[in-house]
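As structure tokens, the structure follows; a few thoughts come after it.
The values are calculated or read from the model by the stated rules, or taken from the named source; none is laboratory data. None of the values given here were measured: they were computed from a predicted structure. Every residue, glycine as well, gets a Cβ built from its backbone with ideal geometry; the counts of neighbours run over all protein chains shown.
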Amino acid sequence: MRSRIAAAAARIMAEDGIDDFALAKRKAARTLGATDTHAMPGNDEVEEALRAYQMLYQGSEQRDRLDQLREAALELLRALALFRPYLTGPVLAGTAGRYSGIDLQVFTDDTKGLELFFVNQGLSTEGREQRYYVGDQPRSASMIRLDWDDLPVTLAVFNATDERSVLKSTIGGRAIERAGLAALQALISADAALGGSLYKPAEV
């Protein structure tokens, strides 16, 4: 049942554009009539199943979309350099699909400067708050939603001092992986040398 839920959750994420592992697992469990919470797979198991599903059923479409998103993310990291930007999420992990956007983190105390950057770029933004954990301490981060070259982007804004901290989306979750400009450039170059890859190096 555990592997069946992982496979079903992977299909939901790939086909329906859901990027929330917990939500995908709940939907998969309901679909399969699973009531035993101990049968729930870990996020790493779902991610492995997602990579396999994308490779089998979405192939070149997924790779092309991933390449497009990574190139756009590279451009964004350059443009936002003053605000200490990092790429996170499915685009970094290599699991971004047809509905995915770009997830970024910035570490700055110059929020007015960040707002001015968006104004000068003629970008319309929407904001909300989301809880993260810096170590074991809860922290509310501003989430800015915008479109960059017709691609959806979500930007999480943290204090400058949080840059060296471990960030998590839940208190018991794993650390959120992130890559700066140099690391993303290296990742894109490595993928190009391999002719395109769905897989991300273990350390970025």
Legend entry - Unmet criterion (only one of (1) of a type in the set (S, T, N, Q); (2) closer than 15 Å to PRO152 by Cα; (3) surrounded by fewer than 20 Cβ atoms within 10 Å (Cβ to Cβ); (4) in contact with a Gly (Cβ under 8 Å, 6 or more places away or on another chain)) for SER124: (4)
Inset, instruction - Consider only pairs whose beta carbons are under 8 Å apart and that are at least six residues apart or on different chains; among these, list those whose first residue lies in the range 1-19 and is at positive phi and touching a residue at least 24 places away in the same chain (Cβ under 8 Å) and whose second residue is in a helix (DSSP H, G or I) and not hydrophobic (A, V, I, L, M, F, W, C). - result: none
Inset, instruction - Report yes if some residue within the range 54-63 is among the charged types (D, E, K, R), exposed (fewer than 14 other Cβ atoms within 10 Å of the Cβ) and within 19 Å of ARG164 (Cα to Cα); otherwise report no. - result: no
Inset, instruction - Please work out which residue is modelled with the lowest pLDDT, limiting yourself to the range 117-146 and to residues that are in contact with a strand residue (DSSP E or B) (Cβ under 7 Å, 6 or more places away or on another chain) and among the charged types (D, E, K, R). - result: ARG139
Inset, instruction - State the number of residues belonging to the range 147-199 that are touching a strand residue (DSSP E or B) at 6+ places or on another chain (Cβ under 9 Å), more than 28 Å from LEU114 (Cα to Cα) and of a type in the set (D, E, K, R). - result: 1
Legend entry - Selection status of LEU92, in contact with a strand residue (DSSP E or B) (Cβ under 7 Å, 6 or more places away or on another chain), under 27 Å from GLY59 (Cα atoms) and not in a strand (DSSP E or B): yes
Inset, instruction - May I ask you to verify whether ALA28 is part of a helix (DSSP H, G or I), buried (at least 16 other Cβ atoms within 10 Å of the Cβ) and either touching a His at 6+ places or on another chain (Cβ under 6 Å) or free of Cβ contacts under 8 Å to residues at least 60 places away in the same chain (or both)? - result: yes
